[in-house]
Amino acid sequence: MSTHDNVLRVGMVGYAFMGAAHSQAWRTVNRVYDLPAQVRMALVCGRDEPKVAEAAARLGWDGHTTDWRRLVESDEIDVVDICTPGDSHCEIALAALAAGKHVLCEKPLANTVEEARQMTAAAARARTAGVRAMCGFNYRRVPAVTLMRRLVADGRLGEIRHVRAVYLQDWIVDPQFPLVWRLQKDRAGSGALGDIGAHIIDLTQYVTGQLITGVSAVTETFVKERPLPAGSSGLAAQADGNGRATGPVTVDDAAVFVARLDGGALATYEATRFATGRKNALRVEINGSKGSVVFDLERLNELEFLDATRPSAEQGFSRILVTEPEHPYLSAWWPPGHIIGYEHSFTHQMRDFVEAVATGVDPTPSFADALQVQLVLDAVTRSAERAAWTEVEPALAELAA
Ligand code: SOE
């Protein structure tokens with residue numbers, strides 16, 4: 001762990017939406033959970049000095065820097081938390097692991113399979129020296145999702161036949177919405193697919209314990225040209241009818257695919273930023289031979305469960321209010337019925353990460369798990385390009401750390 005016993009000094013790179021969510025979790029985790037280590041929010045990094053100084057003060061970091069290499073190499077840092085766009089994940093993670101730092105990296109792990117492989121290999125090497133690496137698929141740590149996995153693992157659903165997963169947003173329906181980094185392939189890797197499709201791929205594989213083996217996909221970019229954001233440079237600019245500079249959208253706006261899972265289930269996935277009226281609607285339904293479960297992020301304290309082993313006259317979906325102390329993560333929070341929210345998934349993620357690092361065990365999802373998600377993303381992209389069924393490339397066994 002740390003050279004300073006029982007203290008984990010964290011350095012975070014990036015401080016926008018995800019950086020703010022992670023900061024909230026780092027600030028909170030030791031105040032809620034009794035953990036074998038105390039987190040110190042040592043250093044935050046961003047490119048713009050006045051902005052990162054302001055963010056450090058606002059989010060609760062002791063110091064700030066504009067040089068991520070300084071952060072990664074500092075003897076005052078034990079954990080590097082990567083909250084930047086995907087184009088810098090690989091470089092920062094490789095440098096941090098080489099410097100012996102534990103790494104938490106936001107999803108998707110990388111922009112390409114090649115980068116994800118390099119990161120997974122580096123994590124496997126670093127592991128032999130006791131260094132831990134984890135990818136931040138936060139929705140695994142929503143208590144109702146963890147409970148869903150338990151029900152499946154305990155056999156309450158029997159044999160899984162169908163998985164139905166959607167992740168719907170609408171923040172770029174307006175064609176005047178600017179060409180932000182999430183709409184540029186060289187920055188984000190892909191569009192809705194990697195940003196929100198990655199979540200439902202990871203979540204369904206985690207809950208069912210089954211991996212996607214092959215896919216048939218379609219993707220679409222509905223708005224192909226957008227106004228450049230204020231102050232942008234380096235983008236191939238054209239002009240629209242009003243003389244405003246525009247640039248090409250180089251990622252998918254929506255990805256829809258069917259898949260086979262290795263335990264025999266069939267699955268459908270829909271990830272889109274064009275579902276008008278849907279702000280952040282993630283929904284997963286799983287149907288098995290003995291029952292079904294449904295999770296809806298807009299009602300994240302609830303899980304719908306149908307137990308098909310009950311007498312048919314008494315059957316029906318029941319709504320489990322997932323706020324009991326025996327439910328995952330909840331004994332440290334509020335009395336039953338006092339609900340939690342989105343940000344708690346990050347606090348739970350930090351709890352598990354800190355516990356794993358402090359006790360010397362591997363946190364999950366590992367970089368190898370995240371590489372497998374990356375391989376699915378890659379298969380979806382290739383399938384859409386070829387308009388053909390496409391097998392998911394297997395992750396190399398020796399990398400499975
Ligand atoms: C933006 O689409 C975004 O913030 C994702 O990047 C997150 O991973 C998701 O949780 C919410 O939406």
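The values are calculated or read from the model by the stated rules, or taken from the named source; none is laboratory data. Just so it is clear, the model here is predicted, and its values are computed rather than measured. All Cβ positions, even for glycine, are placed from backbone atoms using ideal geometry, and neighbour counts span all protein chains on display.
Candidates H327, H348: the one that is modelled with pLDDT of 95 or more and part of a loop (DSSP other than H, G, I, E, B) is H327. When restricted to residues that are more than 16 Å from the ligand (Cβ to nearest atom) and not charged (D, E, K, R), the stretch 146-197 contains 14.
Tallying residues that are within 16 Å of the ligand (Cβ to nearest atom), in a helix (DSSP H, G or I) and surrounded by 19 or more Cβ atoms within 10 Å (Cβ to Cβ) within the stretch 1-60 yields 6. Among the residues here, L109 qualifies as within 16 Å of the ligand (Cβ to nearest atom), in contact (Cβ under 8 Å) with a residue 12 or more places away in the chain, assigned to a loop (DSSP other than H, G, I, E, B) and surrounded by 20 or more Cβ atoms within 10 Å (Cβ to Cβ).
Among the residues of the stretch 258-282, those identified as within 14 Å of the ligand (Cβ to nearest atom) and either farther than 20 Å from R382 by Cβ or surrounded by fewer than 19 Cβ atoms within 10 Å (Cβ to Cβ) (or both) are R273, F274, A275, R278, K279, N280, A281, L282.
Might you let me know whether the stretch 226-245 holds any residue that is assigned to a loop (DSSP other than H, G, I, E, B), under 24 Å from R149 (Cβ atoms) and small (G, A, S)?
Checked against the condition, which is being assigned to a loop (DSSP other than H, G, I, E, B), under 24 Å from R149 (Cβ atoms) and small (G, A, S), the stretch 226-245 yields no hits at all.
Listed by first and then second residue, the pairs with beta-carbon distance under 9 Å, at least 6 apart or on different chains, first residue in the stretch 1-16 and more than 23 Å from T66 (Cβ to Cβ), second modelled with pLDDT under 95, are V7/M1; L8/M1; L8/S2. Being of a type in the set (A, V, I, L, M, F, W, C) and part of a loop (DSSP other than H, G, I, E, B) is the filter here, so list the residues in the stretch 61-81 that pass it. Within the stretch 61-81, W61, I77 meet the criteria.
With respect to the conditions (1) within 16 Å of the ligand (Cβ to nearest atom); (2) polar (S, T, N, Q); (3) over 19 Å from the mean Cα position of the chain (by Cα), N138 lacks only one, and its number is (3). Residues in the stretch 134-166 that are in contact with a Gly (Cβ under 8 Å, 6 or more places away or on another chain) and either of a type in the set (D, E) or under 11 Å from L203 (Cα atoms) (or both): R149, E159. Taking the condition among the aromatic types (F, W, Y) and outside any strand (DSSP E or B), does Y269 pass? Here the answer is no, as Y269 does not meet what is asked.
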